[in-house]
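Visitor: Dropping a structure here in structure tokens format, bear with me for questions.
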Amino acid sequence: MNFVPVNEPLLNGNEKKYLCECIDAGWISSEGPFVKEFEQKMSASVNRKYGIAVSNGTAALEVAVQALGIKDGDEVIMPTFTIISCAMAVTKVGAVPVLVDSDLHTWNMNIEEIEAKITPRTKAIMIVHLYGLPVEVDKILALAEKYNLKVIEDAAEMHGQTYNGKPCGSFGDVSTFSFYPNKHITTGEGGMVVTDDEELAERCMMLRNLCFKKDVRYVHDEISDNYRFTNLQAAVGLAQLERLDEFVGKKRQMGKYYTEKLCGIDGLILPVEKTDYADNIYWIYGIVLDENINIDNKMMQKLLVEEGIGSRTFFWCMHEQPVYQKQGLFADETYPNAEYLARKGFYIPSGLALTQEQMEQVATGVRKVMQKVAGWK
Ligand SMILES: *Cc1c(COP(=O)(O)O)cnc(C)c1O
């Protein structure tokens, strides 16, 4: 039995050709011409005026938060159920993440809880679209307008997705992307900040590059990290972006296939196919175990390995992170839906290089495991 890895990217377009062009021309650093071209094409694809490519999706969030001037003592509202990058971008500048629970239907943050969390210290709301379905953006934009808050949109998992027909990555003051190999398009490592605000874009460009000043080099009024993105990464990104529609189609086919094969199995909660405002794009194919199933996602992961299937557990909640608990953050806070997803959710192989045979093996393996655990007490 061959092992089916949880993710494998598809790199059989123009990636090699464009990479060779970099090497032949000698342009491999962040100064190369593909970087600007990739920034332009990527930002245009989500109707944004400016794109600032950075070293990864986490860096994109850090740059976005810093560019908005969020600082010590400020509060940023975000889901507790997300990747640590979101909270870290906020805690790194001394600001405080203020958490909301998840919606068990879409696995995104429960928007109804946001308004009660707004205080005079709230500076921004961070929208994080998770696993394939966008957050109900309009409601958040309305709240932001009412309370004069900034909006950061983490669209790391949303390449090619739309909300009410408008591209994810086009909402709020600033949006961020990741190009990690399990995202819809990859550059190995990489990320991008996109915005329509010229001043914000200029701050992002400065923050990505050690806060070098435009006029006097090597003299710094502020400091930041080196978050630069190379011409080699941009070469891969351009080749990937050419195929975005095809990739999105492939992911949706994968989602449809898995749902058809798995929908009859007791004890599995499958991803929602569509909402009023979007069709699932299946960044990954997530599954949540029903309450009646007496195992957690870690056990599920082990049992799937026995069937030759790679999987990953869902994210771990921010309020349950040991690092934040040690700092005294989120003491006594509980978010039951998010805690449930973090313990019972997992995802099966969902990469773009997945073959029909591999998907069949996965579906058969999941069914076998569920038959095994059905009677466990
Ligand atoms: C992947 C991801 C990130 C982080 O991106 P990296 O490139 O891995 O740093 C941030 N937010 C979300 C929602 C992600 O899925």
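Visitor: Filter segment 1-20 for residues that are surrounded by 17 or more Cβ atoms within 10 Å (Cβ to Cβ) and part of a helix (DSSP H, G or I) and give the result.
Guide: GLU15, TYR18, LEU19
Visitor: A further question follows. Out of curiosity, is VAL93 in a strand (DSSP E or B), of a type in the set (A, V, I, L, M) and either more than 16 Å from the ligand (Cβ to nearest atom) or farther than 28 Å from GLN233 by Cβ (or both)?
Guide: On the way: in a strand (DSSP E or B): no; of a type in the set (A, V, I, L, M): yes; either more than 16 Å from the ligand (Cβ to nearest atom) or farther than 28 Å from GLN233 by Cβ (or both): yes.
So VAL93 fails the test.
Visitor: If I filter segment 306-313 for residues that are in contact with a Cys (Cβ under 8 Å, 6 or more places away or on another chain), closer than 19 Å to THR82 by Cβ and modelled with pLDDT of 95 or more, do I get at least one hit?
Guide: no
Visitor: Do we find that LYS41 is modelled with pLDDT of 95 or more and closer than 18 Å to LYS150 by Cβ in this structure?
Guide: In short, no.
Visitor: Looking at segment 132-165, which of its residues are away from the ligand (no atom under 16 Å from the Cβ), surrounded by 20 or more Cβ atoms within 10 Å (Cβ to Cβ) and of a type in the set (Asp, Glu)?
Guide: Listed by number, the list holds a single entry, GLU136.
Visitor: Here is a further query. If PRO336 satisfies all but one of (1) within 16 Å of the ligand (Cβ to nearest atom); (2) exposed (fewer than 12 other Cβ atoms within 10 Å of the Cβ), what's the number of the condition it fails?
Guide: Single failed check for PRO336: (1).
Visitor: Only residues that are within 10 Å of the ligand (Cβ to nearest atom) and either among the β-branched types (Val, Ile, Thr) or more than 18 Å from LYS16 (Cα to Cα) (or both): list them for segment 181-191, please.
Guide: Answer for segment 181-191, where residues must be within 10 Å of the ligand (Cβ to nearest atom) and either among the β-branched types (Val, Ile, Thr) or more than 18 Å from LYS16 (Cα to Cα) (or both): ASN182, LYS183, THR186, THR187, GLY191.
Visitor: Of everything in segment 191-204, what is touching a Lys or Arg at 6+ places or on another chain (Cβ under 9 Å) and either in contact (Cβ under 8 Å) with a residue 24 or more places away in the chain or of a type in the set (Val, Ile, Thr) (or both)? Give them in sequence order.
Guide: The answer is VAL193, VAL194, THR195, ASP196, ASP197, GLU198, ALA201.
Visitor: Out of ILE269, ILE284, ILE293, I need the residue that is in contact with a helix residue (DSSP H, G or I) (Cβ under 7 Å, 6 or more places away or on another chain) and surrounded by 16 or more Cβ atoms within 10 Å (Cβ to Cβ). Which one?
Guide: It is ILE293.
Visitor: Pick from segment 116-131 the residues that are touching a Phe, Trp or Tyr at 6+ places or on another chain (Cβ under 6 Å) and within 11 Å of the ligand (Cβ to nearest atom): which of them is farthest from GLY286 (Cα to Cα)?
Guide: Ranking the candidates gives LEU130 first.
Visitor: Could you say which residue among ILE52, ILE28 is outside any helix (DSSP H, G or I), touching a residue at least 40 places away in the same chain (Cβ under 8 Å), buried (at least 23 other Cβ atoms within 10 Å of the Cβ) and in contact with a helix residue (DSSP H, G or I) (Cβ under 7 Å, 6 or more places away or on another chain)?
Guide: Residue meeting the stated conditions: ILE52.
Visitor: For segment 58-93, enumerate the residues that are farther than 25 Å from PRO120 by Cα and buried (at least 24 other Cβ atoms within 10 Å of the Cβ).
Guide: Matches in segment 58-93: ALA59, ALA60.
Visitor: What number of residues in segment 194-211 are under 15 Å from the mean Cα position of the chain (by Cα) and either surrounded by fewer than 24 Cβ atoms within 10 Å (Cβ to Cβ) or within 12 Å of the ligand (Cβ to nearest atom) (or both)?
Guide: The qualifying residues number 0.
Visitor: If the requirement is being modelled with pLDDT of 95 or more, assigned to a loop (DSSP other than H, G, I, E, B), under 24 Å from TYR227 (Cα atoms) and touching a strand residue (DSSP E or B) at 6+ places or on another chain (Cβ under 7 Å), which of these qualifies: THR106, THR82? I'd like the intermediate steps shown before the answer.
Guide: Values: THR106 fails: under 24 Å from TYR227 (Cα atoms).
Only one candidate passes the filter, namely THR82.
The values are calculated or read from the model by the stated rules, or taken from the named source; none is laboratory data. Note that this is a predicted model, so its numbers are computed, not measured. Note: ideal-geometry Cβ built from the backbone for every residue, glycine included; neighbour counts use all protein chains shown.
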